[in-house]
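One structure is given below, encoded as structure tokens.
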Amino acid sequence: MTPTPGSDAATQLAAPADPVVPPLDMLKALEPALARGLDLHRAKATEWFPHDYVPYEVGRNYVEEPWEEKDSDLSPIARVSLEVNLLTEDNLPYYHLALWNTFGQEGAWGEWVRLWTAEEGRHAIVLRDYLTVTRGLDPVALERGRMDQVSRGYYPGWDGSPDPLGGVVYTTLQELATRIAHRNTGVATEDPLIRKLTARIATDENLHHVFYRDLGTEALAIDPSAMMMAINREVVGFAMPGIEIPEFRAKAVQIAKAGIYDLRIHHDQVVLPVLFKHWKIDQLTGLTDEAEEARDGVMNYLAMLDATATMYEEKRAAAAG
Ligand SMILES: [Fe+2]
Ligand SMILES: [Fe+2]
């Protein structure tokens, strides 16, 4: 949908004197778009079963044969990336809590948060079942990693106050980033079964991404200034979920060096298409002074991100000889 000030949701707002819609009113104003998004999501999401992706015929009893390093056929980078992806998915209770607190539990918002949580639950199930049955990763280390992360508790970017527009921006970027990270991890494993499984997860992440992105488009139509400021808050300093995983930064560097998810991908394949192709932030008019500043802030940040991505590419090329 093209952001137009005269859209249905925009006309529901009764206070044109105040261009910034308070967060809770924004949730209300987005409800018609939310209902459309839910219908569209339900029409596109197809049922699938984690057990269909797991080769149970290769499974062996761990009590009799505990895991050993030589059991895994996966390359070191495939192991790191699968571990980070699985632990990230394991943190679902906290993502659920963050969305529950951001969007609420009532009506269509609650309906979406519950449906999203149910769909996301499959991702850790399928990854763990596959890796346990095939002995791809040490199940003891994996379980300790899950316990460590979930018992500490982590909300991505959560500072305690509900920020619905920030939530829409963050999830739009994060779902797309996760789609790419899962798919590229599958490719890096060079294992056709993992590739199939991660492609299936990526399909889910893409539908989630489209759902949030369309809400973002509608939010821009309702209050471009408030949304522009939310974009600035979330794009600058965006952190992937999983940042609390032990040694996450070192692992993220390995994942970046392998080209699975790096700054170049983040800039070119995540932030640019969302902000310019879909949300057209460069074409917004009538922004408040504060929102204009926020747009300048985003543009400056993107220039810096692009330059940093290039620097890392050059370093990597030089190291490769
Ligand atoms: Fe997921
Ligand atoms: Fe998702």
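Here are a few things to note about the model shown:
- Restricting 188, 250, 226 to residues that are crowded, with 18+ Cβ neighbours inside 10 Å, more than 14 Å from ligand 2 (Cβ to nearest atom), farther than 24 Å from residue 134 by Cβ and over 15 Å from the mean Cα position of the chain (by Cα) narrows the list to 226.
- Those residues of the range 191-223 which are over 20 Å from residue 275 (Cβ atoms), surrounded by fewer than 22 Cβ atoms within 10 Å (Cβ to Cβ) and away from ligand 1 (no atom under 14 Å from the Cβ), in sequence order: 191, 192, 193, 195, 196
- Of note, residue 165 does not satisfy the criterion of being closer than 18 Å to residue 232 by Cβ and within 16 Å of ligand 1 (Cβ to nearest atom).
- You will find that of 188, 118, 108, the residue that is in contact (Cβ under 8 Å) with a residue 24 or more places away in the chain, within 26 Å of residue 51 (Cα to Cα) and not basic (Lys, Arg) is 188 and no other.
- Candidate set: the range 96-148, residues that are touching a helix residue (DSSP H, G or I) at 6+ places or on another chain (Cβ under 9 Å) and basic (Lys, Arg); chosen: the one farthest from ligand 2 (Cβ to nearest atom): 135
Rundown of residues vs (1) modelled with pLDDT under 95; (2) touching a Ser or Thr at 6+ places or on another chain (Cβ under 6 Å); (3) within 17 Å of residue 89 (Cα to Cα); (4) not in a helix (DSSP H, G or I), yes/no style:
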| position | (1), (2), (3), (4) |
| --- | --- |
| 162 | yes, yes, no, yes |
| 180 | no, no, yes, no |
| 193 | no, no, no, no |
| 208 | no, no, yes, no |
| 212 | no, yes, no, no |
| 220 | no, no, no, no |
| 239 | yes, no, yes, yes |
| 269 | no, no, no, no |
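The values are calculated or read from the model by the stated rules, or taken from the named source; none is laboratory data. From a predicted model like this one, the values you see are computed outputs, not experimental measurements. Quick reminder, even Gly has a Cβ in these numbers, built from the backbone with ideal geometry, and neighbours come from all protein chains shown.
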